[in-house]
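The values are calculated or read from the model by the stated rules, or taken from the named source; none is laboratory data. In this text the structure is predicted, and so the values were computed from the model without any measurement. Because the Cβ atoms are built from the backbone with ideal geometry, glycine has one as well, and the counts that use them run over all protein chains shown. Accessible surface is based on the protein model in full, side chains and every heavy atom, while ligands, DNA and RNA are left aside. Shrake-Rupley method; radii C 1.70, N 1.55, O 1.52, S 1.80 Å.
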Amino acid sequence: MSLKKYIVGGWVRDKLLTQLGHPMQSNDRDWVVTEATPEEMLRLKFVPVGNDFPVFLHPKTHEEYALARTERKSGHGYKGFTFFTDPSVTLEQDLLRRDLTVNAMAMEEDGRLIDPYGGFEDLKEGVLRHVSAAFEEDPLRILRVSRFRAKLPWFRIAEETKAMLERMVESGEVDALVPERVTAEIRKALKEAKPSIFFDELETNGFMARVYPEWKQTDFSRRLLDRLASGFTEEEKFAASVASVDPDKLPALLETLRMPKKLTEFATLFSESLRDGFEKAADGKEILSVLRRKDALRRPERFVQLLRLLKAAHRIDSDEKWLTSAEAVRSLDFRSISAGAADKSRIPQLIEEASVRAIDEVLDKLADQHQYHGDENGTC
């Protein structure tokens, strides 16, 4: 048997965008197979991996091959679908069930484009347009379209698709979305070129007001989030996305989102640091209190992340004072201090005093250095 197979989806879209002058990193290729049965795929040594419908891994390349399929709505939410696969299902029928025209193109192995729904024209015009009325049946697509806007910020959403997105929110279908699926889309959006657009689109179509009314974006959080698009971690980006949320409402939002613990902890730390005035700490005792409050001595890498994000947010000008102070305290020989204490009950106080002295010494050195450079720059 010779498979009738076609490359579909994002790989085709990104390849064409690259050809149009917008370089894109193409992901692994996904294939659709027509005129085949699961039994024939197994005979060809393909490995089955799909639970809801027949998807197979190529025995050598390990690329995904899905049998052409159609679907119909059978319940609420993104899981409320019944799929139909059969050798009679055509490639055009399979593409019709996809979300956007720019994602509903296929390509033969020789590079010939198959574009039954005008995806290439929309790609050239920079338009995100739904393929068919079936788009409205999957509420997760509200987030996917918003994410594509963040990925392709020069694109616009077609007016008829905008109207459909608003209807989908108003219908209440979004209430059936599983939080983990929503969270997955949010995490993907944070990796895109302009993450703020993702949240703006969800605000425009009413999704945020209905699902996360407390999750407000401001000019500050938008600018910060987009500033972090390259070279910053997921924790830093997520923290920026919730930077303008009311601190009293943040814990409930984080619980609803069900993000990984490292993201929620860092978001909480950043939110507190934007508002607690820690940067005003001026002497050894105050700085030591901040270092402990931020858990900087026990988790130095996270503290470095926090300082980097605060610099990006223009809340601090330099991290030098904080990093050198933390390093000075960590470098103390606490065992020797404890061993040398005649009165063991005074050990905590002795450690405190030694830590404050170490930080004060750092501050004195930094002051001398700044004074020296100031005098040197002022010398003719």
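Checking the condition modelled with pLDDT under 95 and surrounded by 15 or more Cβ atoms within 10 Å (Cβ to Cβ), which residue from 326, 229 passes?
229
Each row is one residue, and each column tells you yes or no for (1) touching a residue at least 24 places away in the same chain (Cβ under 8 Å); (2) within 29 Å of residue 219 (Cβ to Cβ).
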{"residue": "287", "(1), (2)": "yes, no"}
{"residue": "316", "(1), (2)": "yes, yes"}
{"residue": "324", "(1), (2)": "yes, no"}
{"residue": "333", "(1), (2)": "no, no"}
{"residue": "351", "(1), (2)": "no, no"}
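Any residue at all in the range 114-121 that's touching a residue at least 60 places away in the same chain (Cβ under 8 Å) and assigned to a helix (DSSP H, G or I)?
yes
Would you pick out the residues in the range 246-294 that are basic (Lys, Arg) and either in a helix (DSSP H, G or I) or surrounded by 13 or more Cβ atoms within 10 Å (Cβ to Cβ) (or both)?
Across the range 246-294, the qualifying residues are 249, 261, 262, 275, 280, 285, 292, 293, 294.
Looking only at the range 92-101, decide whether some residue is open to solvent by 40 Å² or more (accessible area, probe 1.4 Å) and without any contact (Cβ under 8 Å) to a residue 24 or more places away in the chain.
No, because not a single residue in the range 92-101 is open to solvent by 40 Å² or more (accessible area, probe 1.4 Å) and without any contact (Cβ under 8 Å) to a residue 24 or more places away in the chain.
Quick one: would you say residue 304 is among the β-branched types (Val, Ile, Thr) and part of a helix (DSSP H, G or I)?
The answer is yes for residue 304.
Could you tell me which residue of the range 14-57 is modelled with the lowest pLDDT, considering only residues that are in contact with a helix residue (DSSP H, G or I) (Cβ under 6 Å, 6 or more places away or on another chain), open to solvent by less than 40 Å² (accessible area, probe 1.4 Å) and closer than 25 Å to residue 84 by Cβ?
54
Going by the structure shown, is residue 213 assigned to a helix (DSSP H, G or I), open to solvent by 60 Å² or more (accessible area, probe 1.4 Å), at pLDDT 95 or above and over 30 Å from residue 25 (Cα atoms)?
No.
Have a look at 210, 181 and point out the one that is free of Cβ contacts under 8 Å to residues at least 60 places away in the same chain and within 23 Å of residue 136 (Cβ to Cβ).
210
Looking at 192, 236 in this structure, which one is open to solvent by less than 30 Å² (accessible area, probe 1.4 Å), assigned to a loop (DSSP other than H, G, I, E, B) and of a type in the set (Asp, Glu)?
192
Restricting attention to the range 168-187, does a residue exist that is open to solvent by less than 40 Å² (accessible area, probe 1.4 Å), acidic (Asp, Glu), in a helix (DSSP H, G or I) and within 30 Å of residue 244 (Cα to Cα)?
Yes, the range 168-187 contains a residue that is open to solvent by less than 40 Å² (accessible area, probe 1.4 Å), acidic (Asp, Glu), in a helix (DSSP H, G or I) and within 30 Å of residue 244 (Cα to Cα).
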